[in-house]
1. Restricted to the stretch 282-295, and to residues that are within 15 Å of the ligand (Cβ to nearest atom) and open to solvent by 30 Å² or more (accessible area, probe 1.4 Å), which residue is farthest from residue 431 (Cα to Cα)?
2. Could you check the stretch 242-254 and list, in sequence order, the residues that are open to solvent by less than 20 Å² (accessible area, probe 1.4 Å) and either away from the ligand (no atom under 15 Å from the Cβ) or not aliphatic (A, V, I, L, M) (or both)?
3. Is there any pair with a first residue in the stretch 255-281 that is open to solvent by 10 Å² or more (accessible area, probe 1.4 Å) and a second that is among the aliphatic types (A, V, I, L, M) and within 11 Å of the ligand (Cβ to nearest atom) whose Cβ atoms are under 8 Å apart and which are 6 or more apart or on different chains, and what are they?
4. Looking at the stretch 149-179 only, could you name the residues that are among the β-branched types (Val, Ile, Thr) and part of a helix (DSSP H, G or I)?
5. Checking the conditions here, which among 230, 205 is loosely packed, with under 14 Cβ neighbours inside 10 Å and out of contact with any Cys (no Cβ under 9 Å at 6 or more places or on another chain)?
6. Could you grab me the full set of residues in the stretch 52-78 that are assigned to a helix (DSSP H, G or I) and surrounded by 15 or more Cβ atoms within 10 Å (Cβ to Cβ)?
7. For residue 201, all conditions in the list (1) part of a helix (DSSP H, G or I); (2) away from the ligand (no atom under 16 Å from the Cβ); (3) more than 27 Å from residue 35 (Cβ to Cβ) hold save one; what is the number of the exception?
8. What are the residues in the stretch 449-500 that are of a type in the set (Val, Ile, Thr) and over 19 Å from the mean Cα position of the chain (by Cα), if any?
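The values are calculated or read from the model by the stated rules, or taken from the named source; none is laboratory data. Computed from a prediction, not measured in an experiment: that's the story for all the values here. Because the Cβ atoms are built from the backbone with ideal geometry, glycine has one as well, and the counts that use them run over all protein chains shown. Protein only, heavy atoms only, side chains kept; ligands, DNA and RNA dropped before computing areas. Shrake-Rupley method; radii C 1.70, N 1.55, O 1.52, S 1.80 Å.
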Amino acid sequence: MNEKFESFLKHQKRLAAYNAAFALLGWDEETLAPSGATEKTAELEGVLSGEVYTLQTDPEYKALVKELMKDPALSEDERELIRKTEKEIRLTDAIPKELYEKEAVLTSKSMAAWQEAKKKNEYALFLPLLSEMIELKKEIAKCQNEDGRPLYDVLLDQYEEGFTMERLDAFFGLIRKEIVPLLKLAKNGNKRIRTDFLGRRFPVSKQKKFNRMIAEYVGLDLNRAVIGESEHPFTTGLHMDDVRITTKYRPEMVADTLFSTIHESGHAIFEQGHDERYAFVPASSISMGLHESQSRMYENMIGRSEAFWTPLYPKLCRAFPAELGDVTLTEWIRAVNRADATLIRTEADELSYCLHIMVRYEVEKKIFNENYPAEDLPKLWAELYREYIGVDVPDDRQGILQDVHYAGGMFGYFPSYAIGNAIAAQLYQAMDREINVEKVLREGRPEKVKAWLHDKVHVYGGLRTVDRILKDATGEPFDPKHYVKYLKQKFKALYKTDAPVK
Ligand code: ZN
């Protein structure tokens, strides 16, 4: 046993203790905390954040990491973990402590302002804190910019190592070229798809029961996870044995809730599947795209397939006989895969989803590359929605106020969702060659899917890069052509013929 590496893991555990406290407070703020708690909780988060900063920049810890950088006895995964940690320390070190604490306090306050602004549908209530957040993020990115890169590249790299604007412009260019014609095909074909039943009122108490069942069915271990409720569904975790997901119930949106639960379960299954030895390695070292690939694969490629619902649809009909008694499995599948031009990202279909991401990517590029004024962002948002998706934004609640990310200061995060889709398609095709996904799903054995993903992805957590995981699992590095192929096959089948979607 390498003693130095063990001391390193011990220090990571101390950091994990603070991060768990953060996760718990964050979870609480979104689910149960009283609205009056915001200010003082934010102050405490500022204190905790200062402690994390002290631990991260502890001279002994830094020296230990430096020494381990040169240790030839480390395994490949250990070396990779040390490399990432050294980078993280460098990035934290670059930020003055007062900025670090300011960020935590501002995040908490701006989250509260955003919630209020969204509720009242009034961008002006969020604008002062958003402007402050943008300025703070610019200041932090300037501190962290080691080699004179554009500021937005500095932010992007923190969520998705190696994905620069140059790489993303090419990726989004390809996707846009392919999606726009498919979305036109969808617009013409939608009248052949029945959707009336999706708006029926499905009692929430029954939905809760079914959502719990389906989360467990896809592989979520509910002894080590809970399902809560929040305005914006999310996954967080104290550690791999306490993972928390949320969902949002509305009687007339049964499908949205179901697929959102499957999505968050995909995130949580990933977190539950890490190697025990690295249980306290911070989640921040995981590629966000890789994380999203797991949730989106479960939600879309598995969860919306006809094979997945073959054993489950009779159960759904038994749970909701009045609501689904006159709906066939084929009608259900076609309805939940229907693509359309809409306003809300989290409710968007699989096909148009990446266009919603592209709007945000362009907005963020303008903020960070061109100093675009924050007060004009709703206007820019509306222009881009018209250009990319062809819809008019009627108000801020359905426009720029819809997402939590800017309130949380998460600029640079959105592209990970799109990258995640592409990673998922690449992984899915390799998995299908090995285990015949459709067959195992039809037979009601989703545990085969979980086992494959566990061995190839989950167990590595944040230890390996996206390209390394993809190379080992699929034989090649990241390549979006698999995603394009998947979308073309799926949506041409859905709209060109009346055959069920695979
Ligand atoms: Zn997600």
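1. This residue is 283.
2. Listed by number, the residues that qualify are 246, 247, 254.
3. 264/245; 267/245
4. 154, 175, 179 - these are the residues of the stretch 149-179 that are among the β-branched types (Val, Ile, Thr) and part of a helix (DSSP H, G or I).
5. 205
6. The answer is 52, 53, 55, 56, 61, 62, 64, 65, 68, 77, 78.
7. Going through (1) part of a helix (DSSP H, G or I); (2) away from the ligand (no atom under 16 Å from the Cβ); (3) more than 27 Å from residue 35 (Cβ to Cβ) one by one, residue 201 breaks only (1).
8. 449, 474, 484, 497
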